[in-house]
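Let me begin by presenting the structure, written as structure tokens, before commenting on it.
Nothing in this text is a laboratory measurement; each read-out follows from the coordinates by a stated rule. Computed from a predicted model, the values in this text were never measured in an experiment. Please note: Cβ atoms are built from the backbone with ideal geometry, for glycine as well, and neighbour counts cover all protein chains shown.
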Amino acid sequence: MTTHPPSRNVGVLRAAVYSADGRSSTWQQALLAHVPDLEAELWPEIARPGEVDIAVAWHPPPGMLAALSGLRAVFSLGAGVDHIMALPDLPPDLPVIRLEDAGMAEQMVEYVLYGVLHFHRDFDRYQTERSAALWQPRPVRRRNETRIGVLGLGALGAAVAGALSGFGFPVVGWSRKPRRLDAIETAAGRAGLKAVAARSDILVVLLPLTGSTRGLLNRRVFDRMPPGAALINCARGELLVEEDLLAALDSDQLRGAVLDVARQEPPPPEHRFWYHSGIVLTPHIAAATRIEEACDQIAENLARLRSGRPLLHQVERARGY
Ligand code: NDP
Ligand code: OXD
């Protein structure tokens with residue numbers, strides 16, 4: 001159920017901006033350049049918190065939304081909104097807006113293609129053999145012999161599935177509701193997940209983190225995958241039961257994993273993700289928000305907010321994404 005923000009006849013909109021990655025000022029300047037009649041202040045230096053209309057945030061600290069008592073919407077500076085949905089002070093009816101693509105789909109396609117080729121062309125095995133000074137060419141598989149499953153067929157998953165399929169890999173995609181995509185087999189629901197896992201030599205994860213997806217990548221899924229299959233998780237660390245992945249790698253049920261995310265970021269120094277030979281670990285860089293595209297989306301939504309029209313890319317609070 002999407003809710004419409006109340007229309008209010010305001011000339012100037014007031015925004016509170018906060019980005020936990022230290023780029024709050026960059027966002028503030030970009031928003032001011034894109035949106036006429038916007039007053040944007042940096043959290044927590046807000047002159048009249050009760051008169052702020054919108055929060056624009058990446059990982060807002062607890063207490064920020066509660067202090068902005070007149071908020072009409074909160075905008076995520078990323079595609080994911082789990083950092084907002086988890087806030088204990090998130091008002092139940094406040095519209096939560098996410099970014100859709102905003103330059104991320106193209107980067108995500110590149111990241112996943114790298115991961116897929118890592119396993120498809122045996123770069124993981126050559127890397128291991130190199131440390132033993134082993135010079136051992138392997139036969140090259142055809143693309144149609146490496147089956148790929150893509151979990152999540154939204155803005156990013158559908159772009160990735162389409163690109164891999166266009167490249168000649170057989171792709172099956174999985175979503176919550178049944179979806180149709182050109183030239184891509186699709187499945188939905190829990191039974192669909194079992195079937196997708198069973199036929200994925202490489203499983204790519206592009207699901208949002210919600211109550212239904214937390215811990216979804218676990219031993220049961222890994223046991224269903226073909227022996228020697230691989231995982232690419234570029235969504236959220238909490239989707240994965242990390243101990244189950246490590247056990248699956250140690251027993252050779254899985255051959256390797258490319259991970260852009262972890263339950264704790266960065267993982268603590270002693271975490272096995274840092275030094276496990278079967279894991280490629282990157283610091284949450286698969287796809288970064290492009291500021292220009294993001295500001296265009298926010299500007300369009302602020303024009304809608306002013307005129308009382310429904311906002312774009314609004315999260316369905318009940319389903320969590
Ligand atoms: P979307 O909301 O566009 O798509 C989400 C997809 O996941 C939809 O296809 C949806 O199904 C599916 N889905 C959600 N819940 C379930 C479920 N319980 N069972 C099956 N399918 C489900 O998200 P995006 O594509 O924009 O982004 C996906 C995620 O990628 C983000 O939430 C974020 O966590 C992560 N991300 C990571 C980045 C990085 O750099 N590592 C960068 C950007 C995003 P349906 O189609 O039926 O609705
Ligand atoms: C996002 C991310 O959700 O970068 O946009 O993780």
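Some points to look at:
- Relative contact order %, the stretch 47-105, counting alpha carbon pairs below 8 Å whose residues are six or more apart: 34
- For GluC sites (Glu not before Pro), the sites in the stretch 1-110 that DSSP calls loop and that have at most 13 other Cβ atoms within 10 Å are 45.
- The ratio of the alpha-carbon radius of gyration of the stretch 2-114 to the globular-protein estimate 2.2 N^0.38 Å is 1.11.
- Inter-probe distance in nm under a simple model that places probes 7 Å from Cα toward Cβ, at residue 292 and residue 66: 4.1
- Counted by neighbouring Cβ atoms within 10 Å, the residues 313, 83 run from fewest to most as 83, 313.
- Summary value for the stretch 104-281: 17 percent relative contact order, contacts being C-alpha pairs under 8 angstrom separated by 6+ residues.
- Residue 133 versus residue 39: modelled label distance in nm, points set 7 Å from Cα along the beta carbon direction: 7.2
- Stretchable slack from residue 29 to residue 265, in nm (0.36 nm times residue separation minus alpha-carbon distance): 82.2 nm
- Diffusion coefficient of the stretch 104-281 by Stokes-Einstein, Kirkwood radius over Cα pairs, 37 °C, 0.692 mPa s: 201 µm²/s.
- Computed from Cα positions, the angle between helix 104-120 and the longest principal axis of the chain comes to roughly 10 degrees.
- Helices in the chain, meaning DSSP H runs of at least 4 residues, each add -39500 (n - 2.57). Divided by all residues, the mean residue ellipticity at 222 nm is -9000 deg cm²/dmol.
- Sites matching chymotrypsin sites (Phe, Trp or Tyr not before Pro) across the stretch 132-223 that sit in DSSP coil, with at most 13 neighbouring C-beta atoms within 10 Å: 135
- Stretching residue 110 away from residue 123 to a fully extended chain increases their span by 3.0 nm, per 0.36 nm per residue minus the current alpha-carbon distance.
- Packing-based order for 289-297, 149-157, 272-280, using average beta carbon neighbours within 10 Å, highest first: 149-157, 289-297, 272-280
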